[in-house]
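Everything on this sheet refers to the single structure shown next.
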Amino acid sequence: MSLESGLQRAWYGPAWLSLPLWPLGWIFRLVVALRRGLYSIGLLRRHRVTVPVVVVGNLTVGGTGKTPITAWLARQLSLRGHRVGVVLRGYGGRHSGAPRLVTASDDPADVGDEALLHARRAPHVVVIGADRVAAASLAAEQGAEAVVCDDGLQHLRLARDYEIAVVDAERGLGNRHLLPAGPLREPASRLEGVDAVLFARRGPGEAAPVHPRRPYVAEARFEPGLAVNLLSGERRPLTAFQGAPVHAVAGIGHPAAFFASLGEAGLDVEGHALPDHAALDPHALPFADDATVLMTEKDAVKCTKYARPGWWYVELDVVFDRGTARDLIALVLERTGLTGAGVKLG
């Protein structure tokens, strides 16, 4: 068992499994509280950029679905006539130092898979950088009328107008301990201070017992869409892959959720889980060159240079009830001062 899988088992299992790490978790809690306190009393300054900022983040380490939610929100603002800047760290990429603009032709090894995914999906201003204030400022300088941060709930230096916390509906907050005793970057009580909590549901499983009282609370369903061939761009429904074994690759925070969604679509799947942001090594493939392989879109952006004819990525559809989507967008527009420009939800 790897260290990562061992920690995941402890974090999302009975609380006593992480008992030896509890003292470190309490130290981390004190550091988090001290840092937030310094911002509250003004000893550490928040910096506001010239355009509204919406932060989409999470409390837990690993995948909860913040990148699909960020992409959905950025698209909704674009549909309303606003030029959107998407700002993120650029995890998995080699770039460091000053903020960098990302284009659809960039190398994922330089800018990271999530940044390239945003750049290829829509004509947003995409900027990566560890300094979120500088990155958001660059996005504004490049014409962005609003900035949506993919991750950044804990980057308190950047002032924001609206905060959205994404929680995995099935896994919840795990054992509710802070790192390294649990998966939390901040205490569970932080959910009471954000503007909206979105529970990301990937299947029919039972919802975790997380019930924030103060913020707007809604559910987003993540549903597998069409499969897209990495070489030809051909699109097929997942039912086209039924009846024969397929390999599935996922280098995301929660690979099991992707494999489960394919299984629920009736596919006979052999899953190959990779660490989050990991690249698929073409010289050490866990399957034959002529195998049928399904992967996430996040993985696909890293494989275009050596893709095989049988490689496909599966689109991920973010689905809200229509009333929920309308309410959430209205709240964001009201808080940021942006307009709806009469565009309906798309």
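The values are calculated or read from the model by the stated rules, or taken from the named source; none is laboratory data. Quick caveat: nothing in here was measured; it's all calculated off a predicted structure. Every residue, glycine among them, receives a Cβ derived from its backbone with ideal geometry; neighbour counts consider all protein chains shown. These area figures cover heavy atoms from the full protein model, side chains too; ligands, DNA and RNA do not enter into them. Shrake-Rupley method; radii C 1.70, N 1.55, O 1.52, S 1.80 Å.
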- [ ] Looking only at the range 124-150, count how many residues are in a helix (DSSP H, G or I) and open to solvent by less than 30 Å² (accessible area, probe 1.4 Å).
- [x] 6
Task: Sole residue being among the β-branched types (Val, Ile, Thr), open to solvent by 50 Å² or more (accessible area, probe 1.4 Å) and either within 20 Å of Val167 (Cβ to Cβ) or in a strand (DSSP E or B) (or both), chosen from Val228, Val217 - done: Val217
- [ ] Answer yes or no as to whether Gly225 is under 30 Å from Val194 (Cβ atoms) and at pLDDT 95 or above.
- [x] yes
Task: Residues of the range 38-65 that turn out to be part of a helix (DSSP H, G or I) and among the aliphatic types (A, V, I, L, M), as a count - done: 1
- [ ] State whether one or more residues within the range 286-293 are within 22 Å of the chain's Cα centre (by Cα) and of a type in the set (Val, Ile, Thr).
- [x] no
Task: Residues that are outside any strand (DSSP E or B) and open to solvent by less than 10 Å² (accessible area, probe 1.4 Å), drawn from the range 66-87 - done: Ile69, Thr70, Leu73, Ala74, Gln76, Leu77
- [ ] Report the residue count in the range 1-14 for those that are at pLDDT 75 or above, open to solvent by 40 Å² or more (accessible area, probe 1.4 Å) and of a type in the set (A, V, I, L, M).
- [x] 1
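Results for (1) open to solvent by 70 Å² or more (accessible area, probe 1.4 Å); (2) under 30 Å from Val55 (Cβ atoms); (3) assigned to a loop (DSSP other than H, G, I, E, B); (4) free of Cβ contacts under 8 Å to residues at least 24 places away in the same chain, shown as yes or no for each residue.
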position: Gly233; (1), (2), (3), (4): no, no, yes, yes
position: Leu262; (1), (2), (3), (4): no, no, no, no
position: Asp276; (1), (2), (3), (4): no, yes, yes, no
position: His283; (1), (2), (3), (4): yes, no, yes, yes
position: Tyr306; (1), (2), (3), (4): no, no, yes, no
position: Glu334; (1), (2), (3), (4): yes, yes, no, yes
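Can you give me the number of residues within the range 160-175 that are open to solvent by 40 Å² or more (accessible area, probe 1.4 Å) and out of contact with any Ser or Thr (no Cβ under 9 Å at 6 or more places or on another chain)?
Step one: of the range 160-175, the residues open to solvent by 40 Å² or more (accessible area, probe 1.4 Å) are 170-171.
Filter once more, so that each one left must be out of contact with any Ser or Thr (no Cβ under 9 Å at 6 or more places or on another chain): 170.
Residues flagged as open to solvent by 40 Å² or more (accessible area, probe 1.4 Å) and out of contact with any Ser or Thr (no Cβ under 9 Å at 6 or more places or on another chain) within the range 160-175 amount to 1.
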- [ ] Identify the residue in the range 88-123 that is in contact (Cβ under 8 Å) with a residue 60 or more places away in the chain and part of a loop (DSSP other than H, G, I, E, B) and, among all such residues, is surrounded by the fewest Cβ atoms within 10 Å (Cβ to Cβ).
- [x] Tyr91
Task: Residue in the range 281-295 that is touching a Leu at 6+ places or on another chain (Cβ under 7 Å) and modelled with pLDDT of 90 or more present - done: yes
TODO: Would you mind finding the one in Leu178, Leu191, Leu153 that is crowded, with 18+ Cβ neighbours inside 10 Å, touching a Phe, Trp or Tyr at 6+ places or on another chain (Cβ under 7 Å) and among the hydrophobic types (A, V, I, L, M, F, W, C)?
DONE: Leu178
Open item on the list: Of all residues being over 12 Å from the mean Cα position of the chain (by Cα) and at pLDDT below 95 in the range 135-171, which is nearest to Leu198 (Cα to Cα)? Just the residue, please.
Closed with: Ala169
TODO: Determine if the range 15-37 includes at least one residue that is open to solvent by 20 Å² or more (accessible area, probe 1.4 Å) and in a loop (DSSP other than H, G, I, E, B).
DONE: no
